[in-house]
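See structure below.
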Amino acid sequence: MLSKAATMEISINRNGDTGTLPEDDSLEQDLQQVMVSGPNLNETSIVSGGYGGTAEGIIATSSIKGPAVRYNAQFNRRIPVTGQGSSMQDSSSSSSMTAEEASRGVAVEKLDFMKKWGLNTYKCTKQMISERFGRGSRTVDLELEAQIEVLRDTKRKYENVLRLARALTNHLYSMVQTQHALGDTFTDLSLKSPELRDEFGYNAETQKLLCKNGETLLGAINFFVSSINTLINKTMEDTLMTIKMYEAARLEFDAYRADLEELSVGPRDAVTMARIDTAQEQYQIHKDKYERLRSDVTIKLKFLDENKVKVMHKQLLLFHNAISAYFAGNQQQLEQTLRQFNIKLRPPGADKPSWLEEP
């Protein structure tokens, strides 16, 4: 019916006035029927193919619930789109909200950590400045502090022994290399100088013997240097790291103790009491940490002292016997010293001498 009404021809006169339409009862009836039985706005169908198109492009507006739209070029308007677009948008929105909440939680956690770290650093810095200017009090364990000072002084002296022993090793190595070259030169001259063959031969044998004893002595001193280095840079250093942790815990303990004492002498209102309770908890936590590390330091100092005595007793005996035998020219005693301490030298043809190439 609508197609029939839409295709009616309207005649126009010369002056531009519409002509008289021929009376058509069927047209009037069609228009009345369209007005009476017109489509409901809630059930309107939009035809995407035009007036004469098929029903394939019809979209029922009653099923539209989401805000998504589709543009129809023929009608020059936006057409709402139904289906799973709305659900996909909802799921993406919920996933983005979850990621945003997770990132927000991480940011809050980091902010809380930085806040605690900053507060702890401020308290410790304030306590350290107060101690240096003599305005603040510090917890002191006189016996433990004395033991720590003895350890640091011992470490400095042992480092000096290690430095001198390495210097001695370098000098002996240079001397052994010179003796080895001198022995080779004497041997070559003994072959080319028949009139001095015996004299050059005696000296060549002497230098070779000294070179061999020097290599044996270098092996003993190198073992001495390695043991002292382990004692200083591993055993003592491990104890000193625990001492540094103990000193940091002591500073934190005194800082929170001073904070608690400062709050205790102030007014006792509700806000202050809450702060005092928090300060009391932090004070107890740092007190436990301080006492635990103090106990660890005491134990490590005891074991370090026992280990130091054992190591140095063995190494000093080795050093004395090796040096005495070498300068006395007692080759058998020098070799016996190495066997006594289970020191094995690499053969002369080894690719990597363990002690000759060390700095």
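The values are calculated or read from the model by the stated rules, or taken from the named source; none is laboratory data. The structure displayed is predicted, hence computed values, not measured ones. For accessibility, only protein heavy atoms count, side chains too; no ligands or nucleic acids. Shrake-Rupley method; radii C 1.70, N 1.55, O 1.52, S 1.80 Å.
Data table
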{"read-out": "R152, R132, ranked by accessible area, largest first (probe 1.4 Å)", "value": "R132, R152"}
{"read-out": "Relative contact order [Cα under 8 Å, 6+ residues apart], segment 120-266, whole percent", "value": "36"}
{"read-out": "Inter-centroid distance (Cα atoms) of segment 117-160 relative to segment 284-338, Å", "value": "26"}
{"read-out": "Per-residue HN-Hα couplings for segment 267-283 [Karplus 6.51, -1.76, 1.60; θ = phi - 60°; Hz; x = Gly/Pro]", "value": "x, 10, 8, 5, 5, 5, 5, 5, 5, 5, 4, 5, 5, 5, 5, 5, 4"}
{"read-out": "Segment 192-312, accessible surface, carbon-and-sulfur percent (1.4 angstrom probe)", "value": "55"}
{"read-out": "Ranking by accessible area, most exposed first, for M273, M97 with a 1.4 Å probe", "value": "M97, M273"}
{"read-out": "Solvent-accessible surface ranking, highest first, for I299, I343 at 1.4 angstrom", "value": "I299, I343"}
{"read-out": "Hz values of 3J(HN,Hα) by residue in segment 128-139 - Karplus curve (6.51, -1.76, 1.60), Gly and Pro given as x", "value": "5, 5, 5, 5, 5, 8, x, 9, x, 9, 10, 7"}
{"read-out": "Under Karplus coefficients 6.51, -1.76 and 1.60, residue-wise ³J(HN,Hα) of segment 247-261 in Hz, glycine/proline x", "value": "5, 5, 5, 5, 5, 5, 4, 5, 5, 6, 5, 5, 5, 5, 5"}
